[in-house]
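As structure tokens, the structure follows; a few thoughts come after it.
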Amino acid sequence: MRKKIVAGNWKMNNNFQEGIDLSNDLVSKYKKSDKNKELIILPPFIHLTSVAEKLSNSKIHLGAQNCHTEGRGAYTGEVSARMLDSVGVRYCLVGHSERRANFFEDNNELKKKCKQLVSNYINPIFCCGELLRDRKYGSYFEVIEDQLEVLWSLSKTDFEKVIVAYEPVWAIGTGETASADQAQEIHKFIRRKISDEFGSETAENTSILYGGSCKPSNAVELFFKPDVDGGLIGGAALNTVDFLAIYNAL
Ligand code: 13P
């Protein structure tokens, strides 16, 4: 049975002490409700080692927001999957729309990042999603299909480590959420594509998360849909009460 997951992407928020305070608060209030439900936090790099310690006796999992395409070498300022593994990171975002837009990440680069992650025992959380103009012109299925091509470069065994996150760019940080029906339509499409590539059993076992202005008030309706297996949360992940309310909607 596939896992139900809520993951909190802190983005470039929280200084070091604020990040520690948020982690402590989460650890003290989080109650794992079911062995099939997982809570993950994705702090900035500089928090990872200390947050890993804070989470060590909890059931909250640790992830990162990015990694480099190579394992080691002369890449000043970069962080490799191998380094992330060494501090206890078990999940990592790949292809978040903010990185695609601001750092021009393309499919080729994202393939390399996925390979680095799976070779270092880290589960990629692969993000895909269309721009507002793609939605308006009705080309969103093609856009997502093209983005998913990154995942078809993985072997079936490696793909089985991947979590997919559908994040329509027009819904990120805008307060505008995709309706539960819009999310379901795309999640079903993504699952069908996975089935075409790796078979129906793998598709049924893949968790597909929704992201984009997800909050306590809309999480229940979104998570109720059969192909929506949880959420990738931005703004609301910075507030313990809201973040745990979203988790409790799983
Ligand atoms: P918001 O929840 O703030 O819209 O952000 C979503 C997101 O980008 C998570 O990765």
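Read-outs throughout are calculated quantities, based only on the coordinates presented, and are distinct from any laboratory measurement. Only a predicted model underlies this, so the values are computations on that prediction, with no experimental measurement involved. Here Cβ is always computed from backbone atoms with ideal geometry, including for glycine, and neighbour counts include all displayed protein chains.
Let's see how each residue does on (1) closer than 21 Å to residue 207 by Cβ; (2) part of a strand (DSSP E or B):
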site	(1), (2)
24	no, no
27	no, no
40	yes, yes
50	no, no
54	no, no
58	yes, no
70	no, no
84	yes, no
Quick test for you: out of 194, 190, 208, pick the one residue that is surrounded by 21 or more Cβ atoms within 10 Å (Cβ to Cβ) and touching a residue at least 60 places away in the same chain (Cβ under 8 Å). 190
Candidate set: segment 117-138, residues that are loosely packed, with under 14 Cβ neighbours inside 10 Å and among the small types (Gly, Ala, Ser); chosen: the one farthest from residue 151 (Cα to Cα): 138
Has segment 215-227 got at least one residue that is surrounded by fewer than 16 Cβ atoms within 10 Å (Cβ to Cβ), farther than 25 Å from residue 121 by Cβ, within 16 Å of the ligand (Cβ to nearest atom) and touching a residue at least 60 places away in the same chain (Cβ under 8 Å)? no
Complete set of residues in segment 131-150 that are more than 22 Å from residue 173 (Cα to Cα) and touching a Cys at 6+ places or on another chain (Cβ under 8 Å): 148, 150
The correct count of residues that are surrounded by fewer than 16 Cβ atoms within 10 Å (Cβ to Cβ) and of a type in the set (A, V, I, L, M, F, W, C) in segment 54-86 is 1
Any helices (runs of 4 or more DSSP H) falling wholly within segment 154-250 and containing at least 3 residues that are within 17 Å of the chain's Cα centre (by Cα): 180-198, 216-224, 240-248
Output yes when any residue across segment 133-142 is closer than 27 Å to residue 196 by Cβ, touching a helix residue (DSSP H, G or I) at 6+ places or on another chain (Cβ under 7 Å) and assigned to a loop (DSSP other than H, G, I, E, B), and no when none is. no
Can you tell me which residue in segment 1-36 is nearest to the ligand (Cβ to nearest atom), limited to those that are within 23 Å of residue 220 (Cβ to Cβ), surrounded by 13 or more Cβ atoms within 10 Å (Cβ to Cβ) and among the hydrophobic types (A, V, I, L, M, F, W, C)? 7
